[in-house]
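Bear in mind these aren't lab numbers, they're just calculated from the coordinates by the rules spelled out. Keep in mind that what you see is a predicted model, and the values were worked out from it rather than measured. Cβ: placed from backbone, ideal geometry, glycine included. Neighbour counts: every protein chain shown.
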Ligand code: NDP
């Protein structure tokens with residue numbers, strides 16, 4: 001795979017999956033704008049990425065759920081790197097609660113970050129690519145939770161299922177302009193997001209869902225994203241690729257039982 005001379009934006013790239021995606025794109029030759037809300041963590045991540053991979057990682061602070069912030073991101077990205085050929089919508093957050101207890105603020109925050117954020121960044125990217133005649137690529141981050149169901153995560157699952165359908169519509173619309181749009185749907189990946197809530201019992205419950213017998217690593221997702229963004233996937237659009245070690249075959253653990261005691 002050759003991404004030499006290519007430019008990308010990766011949202012939510014200060015840590016976890018987004019950091020690994022930026023690293024893989026850079027290893028294959030791309031210069032990357034990395035975004036997150038927390039400036040210090042983002043700046044350190046960008047410095048480390050540039051020092052390690054010999055390409056440019058440009059930090060731009062952005063809240064993907066805010067249209068003004070996304071407009072600023074694209075202004076800065078094009079000022080720094082020129083044409084942007086790849087967008088990876090990866091920024092995400094998570095809270096857990098059953099529907100009867102779910103706070104409206106948590107619903108709004110999760111839906112806005114994932115679903116609205118994916119919309120705003122995709123809209124900006126398609127506009128940018130169309131205006132400049134770039135036959136670009138967009139990769140959205142979904143989740144196995146869009147297709148498998150558990151208790152305690154309705155807002156997150158709904159957001160990710162929404163992203164899958166959004167990916168299909170965006171692929172139809174983008175296709176007319178030579179723009180491909182796909183998604184990746186990770187199973188459980190060892191990142192700060194999942195480690196924050198996990199107990200040993202939860203880890204054991206997850207272990208039983210795998211067909212490939214291990215937890216996922218950020219690199220597992222980065223490889224799939226890099227493939228979909230590359231010239232190895234020129235005729236793939238409108239799909240969401242499950243990268244979950246086979247969890248969709250066996251089903252998710254019950255989050256309410258393992259992470260929300262007292263909700264049974
Ligand atoms: P992390 O919590 O490790 O990283 C999340 C990143 O997103 C950080 O850089 C964070 O930085 C950024 N972020 C969060 N909210 C916003 C926002 N509103 N605007 C811009 N950036 C934001 O998460 P993961 O790496 O685990 O997850 C990455 C993606 O993969 C998410 O979409 C997640 O839903 C998805 N996923 C993860 C799975 C897993 O098991 N880890 C499984 C399935 C899907 P900051 O807080 O500074 O903004």
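From the list 190, 184, 137, the one residue that fits, being more than 10 Å from the ligand (Cβ to nearest atom) and closer than 27 Å to residue 212 by Cβ, is 137.
On the given criteria, is residue 14 within 16 Å of the ligand (Cβ to nearest atom), out of contact with any helix residue (DSSP H, G or I) (no Cβ under 6 Å at 6 or more places or on another chain) and touching a residue at least 24 places away in the same chain (Cβ under 8 Å)? Taking the combined requirement at face value, the residue does not satisfy it. The criterion of at least 1 residues that are under 20 Å from the mean Cα position of the chain (by Cα) is met, among helices (runs of 4 or more DSSP H) falling completely within the stretch 166-264, by 192-197, 218-229, 247-250. Taking the criterion of being farther than 18 Å from residue 17 by Cα and either within 11 Å of the ligand (Cβ to nearest atom) or part of a loop (DSSP other than H, G, I, E, B) (or both), the residues of the stretch 147-156 that qualify are 147, 148, 149, 150, 151, 152, 153.
Highlighted here are the helices (runs of 4 or more DSSP H) found entirely within the stretch 13-118 that include at least 2 residues which are farther than 22 Å from residue 196 by Cβ: 16-27, 39-53, 67-81.
Here is a yes/no grid of residues against (1) within 21 Å of residue 41 (Cβ to Cβ); (2) crowded, with 24+ Cβ neighbours inside 10 Å; (3) in contact with a helix residue (DSSP H, G or I) (Cβ under 8 Å, 6 or more places away or on another chain):
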| position | (1), (2), (3) |
| --- | --- |
| 52 | yes, no, yes |
| 60 | yes, no, yes |
| 78 | no, no, yes |
| 107 | no, no, yes |
| 133 | no, no, no |
| 137 | no, yes, yes |
| 144 | no, yes, yes |
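Residue 256 - would you say it is crowded, with 17+ Cβ neighbours inside 10 Å, in contact (Cβ under 8 Å) with a residue 24 or more places away in the chain, away from the ligand (no atom under 16 Å from the Cβ) and within 23 Å of residue 155 (Cα to Cα)? Answer is yes for this residue. Against the list (1) part of a helix (DSSP H, G or I); (2) touching a residue at least 40 places away in the same chain (Cβ under 8 Å); (3) crowded, with 19+ Cβ neighbours inside 10 Å, the condition residue 162 fails is (3).
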